[in-house]
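Working notes, structure below.
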Amino acid sequence: MLPFILKRLGLALLVAFTVSFISFSLLFLSGDPAAALAGETASGEDIEAIRRVYGFDRPMLVQYGEWLFSAIRGDFGESYYFKLPVASLIAERLQVTMLLGVCGITFALLTAVPLGVAAAIRPNSLIDRVALFLSVAGQAMPSFWFGLILIVVFAIQLGLLPPSGAATWRHFIMPTIVLGYYAMPAIMRLTRAGMLDVLNSDFIRTARAKGAGEGRVLFKHALRNAIIPVVSLAAVQMGFMLGGSIVVESVFALHGAGFLAWESIARNDLPTVQALILVFSMFYIVFTFLADVLNAWLDPRMRSS
Amino acid sequence: MTDTLLSVKNLTLNIPTGSGTLHAVRGIDFDLKRGETLSIVGESGSGKSLTSLAVMGLLGKSIKRQADEMRFDNVDLQTANRRVMRDLRGNRIAMIFQEPMTSLNPAYTIGDQLTETLLLHRKVSKSVARARAIELLEKVGITAAESRLSQYPHQLSGGLRQRVMIALALMCEPDLLIADEPTTALDVTIQAQILRLLVDLTREMNMAMILITHDLGVVARVADKVAVMYAGELVETGPAAEVFATPSHPYTRGLLRCIPQPGKTERGAPLGTIPGIVPSLIGEVSGCVFRTRCPHARPECRADIPLRGDASHEFKCIHPDGALSEEGEAA
């Protein structure tokens, strides 16, 4: 198990390094950063002055090295717009996003996995149809629309939940449902397909022939094998939730990292955008790594290969 | 306590399909005494695996089971509830399957899977179960048994996995072992070893065995009794020696011609084949099922065929016993 973890860790670091270079390069791919910073009315001299102040006149690799070295120490420079250190800005916004992401994926897994298992036990039964309907609806419904409907019904009509903000845990209920419901259909369908496949396998017949009860057959013998692809999918979904919850954060006025990314792009706040891209990518890398380790624990065949 | 361990009378299995009911098994009878080996022989699709799964109570939900009697020792298998069946399975009736490569759970160690059976049925500690697992792995001829416990199925070869499956089946010292083509998926050299192992173990533990196979060569070496199945019916049953000496159903004789016999089959001579294919069992099935492939088929074969022969050696064919010479098989 340990060699496997070390190998995956090395791979993750390599990917992280590559991603950091790409996210740094983005600065130069979107045109001359000095000109963009100076604004439309700036003269050529102003642009040159800005170029020198920000160090854009040095070779790109030197700039990258310096940026990476500071980034590792947690220094992402200063936001052009907020005039605050990017690191503290992101740290503050990430709290909301991470809380929302963890709640969202938990909600998605807690609804999708039991529903997928129930649907697989009795294919084409009522519960299978209901699960299919829920997943199709979840996939077809845009998040912003679903969010607005929830606000209209639960906040305005019934007055049960606050419509927006992040002050208390009750503010997170609706955003969690919207975000989680977005991830739920894929997880549910994958769980169902995996369970259907595994339940027809020979080793499940062996488990029954041993005299194992149905619960033991389903959860000890079948689910452990069926859940393996779900783990990988959930890791990607989790990364997506942390980086891409912009829509949900906007609808519910939660000022998280996704919202910050949207603002910063609109304002050409390059250090913030760079740092956010790097942070979001790191989340993907970390979750993929964790999913690999979890899968290797679930399936011994992965450890040796 | 009676001597008969398993008794099955008039077992019928029907499978509803889109194009009608598939009469997979039709009215078969067999019984088995303690320590006895019954071999069910037949080609693919003859219903032998379904019959064994019916005894285990592991048929798919869509399959309809009917029987006049299905009794294991003093348990009525037809009326037994799920709890009773679960207590029997793995404990008093154990089963080995055809596919050793996929019959073990890839996610758990050999040790986990072996001890699980014992822990399910007996109130014993984990260390006792572990000791039993090691003892059985040694008994089925696995070296370094203790270190195998922490290995996973994918680390073992097919032959080793089948040995593990046998050890698994024996964990609770069952009274009846059902082996469904246990050697089919293995190399020829391993087949003989596994078979010998099964025979030795049944003798040593006084265990009854139902050996399902399509290989008559296997049957001749191990079985006390033979039941020949064709298209869902038992066409001939009897003591193995008698069935081999005087096969009375044309299908049995056909099967016997398909295998080389040392001393009888000439070198280079072609082996026999049975022309034709198994008839469809969807819809009404009547008369002799083998008549479409039988060289002696007559108009009377369309009628229902009664069982003939004496109580121990029975067969389902209207032809006189002299049919053997009529076929001119000796030539």
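The values are calculated or read from the model by the stated rules, or taken from the named source; none is laboratory data. Remember, predicted model here, so these are calculated numbers, not experimental data. Please note: Cβ atoms are built from the backbone with ideal geometry, for glycine as well, and neighbour counts cover all protein chains shown. Please note that ligands, DNA and RNA were not included when accessible areas were found on the heavy atoms of the full protein model with its side chains. Shrake-Rupley method; radii C 1.70, N 1.55, O 1.52, S 1.80 Å.
A few notes on this one:
- Entry remark, segment A:197-215: residues being buried (at least 17 other Cβ atoms within 10 Å of the Cβ) and in a helix (DSSP H, G or I) number 9 in total.
- Search result, residues across segment B:209-238 that are open to solvent by less than 10 Å² (accessible area, probe 1.4 Å) and touching a Gly at 6+ places or on another chain (Cβ under 7 Å): B:Val226, B:Val228, B:Met229, B:Tyr230, B:Gly232
- Among residues that are within 10 Å of another protein chain (Cβ to nearest Cβ) and open to solvent by less than 40 Å² (accessible area, probe 1.4 Å), A:Phe172 is not included.
- Residue satisfying all of: in segment A:184-196; of a type outside the set (Gly, Ala, Ser) and open to solvent by less than 20 Å² (accessible area, probe 1.4 Å); nearest to the other protein chains (Cβ to nearest Cβ) among these: A:Met195
- Strands (runs of 3 or more DSSP E) (entirely within segment B:1-55) containing at least 3 residues that are in contact with a Phe, Trp or Tyr (Cβ under 8 Å, 6 or more places away or on another chain): B:4-17
- Filter pass, B:Glu181 being over 25 Å from the mean Cα position of the chain (by Cα), open to solvent by 10 Å² or more (accessible area, probe 1.4 Å) and not β-branched (Val, Ile, Thr): no
- Annotation note: of A:Leu233, A:Leu294, the sole residue that is within 20 Å of A:Leu110 (Cα to Cα), within 14 Å of the chain's Cα centre (by Cα) and not β-branched (Val, Ile, Thr) is A:Leu233.
- Segment A:62-91, residues that are closer than 15 Å to A:Phe280 by Cα, open to solvent by 30 Å² or more (accessible area, probe 1.4 Å) and modelled with pLDDT of 90 or more: A:Ala87, A:Ala91
- Criterion violated by A:Ala275 - all others in (1) over 30 Å from B:Gln155 (Cβ atoms); (2) open to solvent by 20 Å² or more (accessible area, probe 1.4 Å); (3) not aromatic (Phe, Trp, Tyr) satisfied: (2)
- Once segment B:115-124 is narrowed to residues that are at the interface with another protein chain (Cβ under 10 Å from one of its Cβ atoms) and surrounded by 22 or more Cβ atoms within 10 Å (Cβ to Cβ), the residue that is nearest to B:Glu181 (Cα to Cα) is B:Thr117.
- Residue check, B:Leu186 crowded, with 19+ Cβ neighbours inside 10 Å and away from every other protein chain (no Cβ under 12 Å): yes
- Answer residue from segment B:93-107, given it is more than 8 Å from every other protein chain (Cβ to nearest Cβ) and either more than 13 Å from B:Ala169 (Cβ to Cβ) or outside any strand (DSSP E or B) (or both) and is most open to solvent (accessible area, probe 1.4 Å) among those: B:Met101
- If the condition is being closer than 30 Å to A:Val198 by Cβ and open to solvent by 80 Å² or more (accessible area, probe 1.4 Å), then segment A:123-148 contributes A:Asn124, A:Leu126, A:Arg129, A:Phe133, A:Val136, A:Gln139.
- Cross-chain or 6+ apart pairs with Cβ under 8 Å, segment B:65-88 first and closer than 17 Å to B:Asn14 by Cα and touching a residue at least 60 places away in the same chain (Cβ under 8 Å), then β-branched (Val, Ile, Thr) and open to solvent by 70 Å² or more (accessible area, probe 1.4 Å): none
- Residue among B:Arg83, B:Arg71, B:Arg65 that alone is within 11 Å of chain A (Cβ to nearest Cβ), over 29 Å from B:Leu160 (Cβ atoms), outside any loop (DSSP other than H, G, I, E, B) and open to solvent by 10 Å² or more (accessible area, probe 1.4 Å): B:Arg83
- Among the residues making up segment B:192-230, none is touching a His at 6+ places or on another chain (Cβ under 9 Å) and at positive phi.
- Count of segment A:249-272 residues, restricted to those that are in contact (Cβ under 8 Å) with a residue 24 or more places away in the chain, open to solvent by 20 Å² or more (accessible area, probe 1.4 Å) and small (Gly, Ala, Ser), is 2.
- Lone qualifier among A:Phe24, A:Phe28, A:Phe4 - being free of Cβ contacts under 8 Å to residues at least 40 places away in the same chain and either out of contact with any strand residue (DSSP E or B) (no Cβ under 6 Å at 6 or more places or on another chain) or open to solvent by 30 Å² or more (accessible area, probe 1.4 Å) (or both): A:Phe28
- Residue count, segment B:125-149 (criterion: in contact (Cβ under 8 Å) with a residue 60 or more places away in the chain and open to solvent by 50 Å² or more (accessible area, probe 1.4 Å)): 1
- Out of B:Gly283, B:Gly268, B:Gly287, B:Gly272, one residue alone is in contact (Cβ under 8 Å) with a residue 24 or more places away in the chain and surrounded by fewer than 19 Cβ atoms within 10 Å (Cβ to Cβ). It is B:Gly283.
- Tally, over segment A:74-104, of residues that are out of contact with any Gly (no Cβ under 7 Å at 6 or more places or on another chain) and within 17 Å of A:His171 (Cα to Cα): 7
- Every listed requirement among (1) farther than 30 Å from A:Asp299 by Cα; (2) assigned to a helix (DSSP H, G or I) is met by A:Gly31 save one, (2).
- Members of segment A:204-222 that are aliphatic (A, V, I, L, M) and facing chain B (nearest Cβ under 10 Å): A:Ile204, A:Ala207, A:Ala209, A:Ala212, A:Ala222
- Verdict on B:Ala241 being open to solvent by 30 Å² or more (accessible area, probe 1.4 Å), small (Gly, Ala, Ser) and without any contact (Cβ under 8 Å) to a residue 24 or more places away in the chain: yes
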